[in-house]
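Following: one structure in structure tokens, then a few remarks.
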Amino acid sequence: MTMRSELATEIRRLHAKLEKLGWKEDDCALIAPVTLEINELKREQNAVILAHSYQTPDIMYGVGDFIGDSYGLSVKATDHPAQKIVFCSVYFMGETAKLLNPDKEVLVPRQAGCSLADAINGQQVRELRQQNPQAGIVCYVNTYAEVKAECDACCTSANAVEVVESMPQQEIIFIPDRLMGENLAKISSKKISTWDGTCIVHEGFDINSIRDIRNRFPGAKILAHPECTPGLVAEVDYAGGTEGMLNYVKNSPASTFMLVTECGLTDRFKAEFKDKEIVGTCILCPYMKEIQLDDVLQALKDPRPEQVIEIPADVAQRAKRSLDQMFELEKAGKKLLQEQGRSKLPWTA
Ligand code: 13P
Ligand code: SF4
């Protein structure tokens, strides 16, 4: 194929994916040379690009091999034969992929933070442990490796209920998300205390806008992330992580949905569920949106040291144990929730 016809084919490919989001062929033409180059480098280097559902559509559909939630993408990184992983997301997710794939090269296009991960460090967890020796400490996956290394188990929004319910201790300190911890406390058989971190995206949703959508679209199903306030979570039809929301919409006969989460997921649903209507507002995550196509290209061409994930061996070994515990406890917790008839709606009392 000539360079010209290659470019024309790429523009058509991008347009077919992005049309539903209002992209014109001219818009696709602007990014096509970059997506072509990235996809070529990916093949040459035997690399795989993982894109979180909160990334921009040009990354998800232009260069992503897999789009998903923090849990699913980390598992995908482990299953995939590629020796190089480019994780388009915030830094802690790249770290998680590295913990699960110590022998692979893991790159992040940007060292992007997260208001939750930035809320606590390893020393603060050690102090919590000293002050509360009787409690089990569970960390949300939105934490850095040095924090995971100090905890008994990790969890994601996809398995937090399962993990907490099957911890051996009756008393659990859940870090760093106060709101997710409060949501857990409402439904859990455990005594849960929390840290004071919050997600700047999910804490920003207003319960009145949910009620307004209910009034304007009486048949609409409303879905929220459990990083939202308990008051809001109590009013929605489904609470769960990004992949849980995807499955809910896929299997629901309803035609109208409101997603109370970051805008990338709204874009994803608009692009992928052509016969469903997504209504209401979303909030952008400034950390997730730091990542641009040019950063992905640069990381593949000539990675800067801060784009290559390295974790000190002792920290990596203890943080990995926390992830292994998550996989173990999740299995036991799934069985427990099934017995209680809560496996489909784990965040509901
Ligand atoms: P998921 O675990 O659902 O991918 O969400 C990650 C996140 O950052 C939520 O704000
Ligand atoms: Fe962190 Fe919230 Fe952004 Fe997710 S959406 S990366 S939790 S700040």
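The values are calculated or read from the model by the stated rules, or taken from the named source; none is laboratory data. What you are looking at is a predicted structure, and each value in this text was computed from that prediction instead of being measured. Here Cβ is always computed from backbone atoms with ideal geometry, including for glycine, and neighbour counts include all displayed protein chains. To get the accessible areas, we keep the full protein, side chains included, count just its heavy atoms, and leave off ligands, DNA and RNA. Shrake-Rupley method; radii C 1.70, N 1.55, O 1.52, S 1.80 Å.
Against the conditions (1) more than 14 Å from ligand 1 (Cβ to nearest atom); (2) part of a loop (DSSP other than H, G, I, E, B), where does CYS228 fall short? Just the number, please.
(1)
Does ILE192 meet the test of being open to solvent by less than 20 Å² (accessible area, probe 1.4 Å) and more than 16 Å from ligand 2 (Cβ to nearest atom)?
no
If ILE187 meets every condition in (1) modelled with pLDDT of 95 or more; (2) touching a Pro at 6+ places or on another chain (Cβ under 9 Å); (3) away from ligand 1 (no atom under 16 Å from the Cβ) apart from one, which number is that one?
Of (1) modelled with pLDDT of 95 or more; (2) touching a Pro at 6+ places or on another chain (Cβ under 9 Å); (3) away from ligand 1 (no atom under 16 Å from the Cβ), only one is false for ILE187: (1).
Please list, ordered by first then second residue, the pairs with beta carbon atoms under 8 Å, 6 or more apart or interchain, first in segment 3-21 and part of a helix (DSSP H, G or I) and at pLDDT below 95, second open to solvent by 60 Å² or more (accessible area, probe 1.4 Å) and not small (Gly, Ala, Ser).
Qualifying pairs under 8 Å: LYS20/LYS270; LYS20/LYS274; LEU21/LYS270.
For segment 203-225: of the residues being within 16 Å of ligand 1 (Cβ to nearest atom) and free of Cβ contacts under 8 Å to residues at least 60 places away in the same chain, which is most open to solvent (accessible area, probe 1.4 Å)?
GLU203
Filter segment 36-51 for residues that are under 16 Å from the mean Cα position of the chain (by Cα) and either more than 13 Å from ligand 1 (Cβ to nearest atom) or open to solvent by 10 Å² or more (accessible area, probe 1.4 Å) (or both) and give the result. Outline the logic, then answer.
Of segment 36-51, the ones under 16 Å from the mean Cα position of the chain (by Cα) are 49-51.
The one that is under 16 Å from the mean Cα position of the chain (by Cα) and either more than 13 Å from ligand 1 (Cβ to nearest atom) or open to solvent by 10 Å² or more (accessible area, probe 1.4 Å) (or both): ILE49.
Give me a count of the residues in segment 52-84 that are farther than 22 Å from LEU323 by Cα, open to solvent by less than 30 Å² (accessible area, probe 1.4 Å) and within 16 Å of ligand 2 (Cβ to nearest atom). Spell out how you get there, then give the answer.
Of the residues in segment 52-84, the ones farther than 22 Å from LEU323 by Cα are 54-65.
From what is left, the residues that are open to solvent by less than 30 Å² (accessible area, probe 1.4 Å) are 54-55, 57-64.
Right, trim to within 16 Å of ligand 2 (Cβ to nearest atom) and you get 54-55, 59-60.
Within segment 52-84, residues that are farther than 22 Å from LEU323 by Cα, open to solvent by less than 30 Å² (accessible area, probe 1.4 Å) and within 16 Å of ligand 2 (Cβ to nearest atom) number 4.
Go through (1) of a type in the set (S, T, N, Q); (2) within 15 Å of ligand 1 (Cβ to nearest atom); (3) open to solvent by 50 Å² or more (accessible area, probe 1.4 Å) for THR156 and report which single condition fails.
(3)
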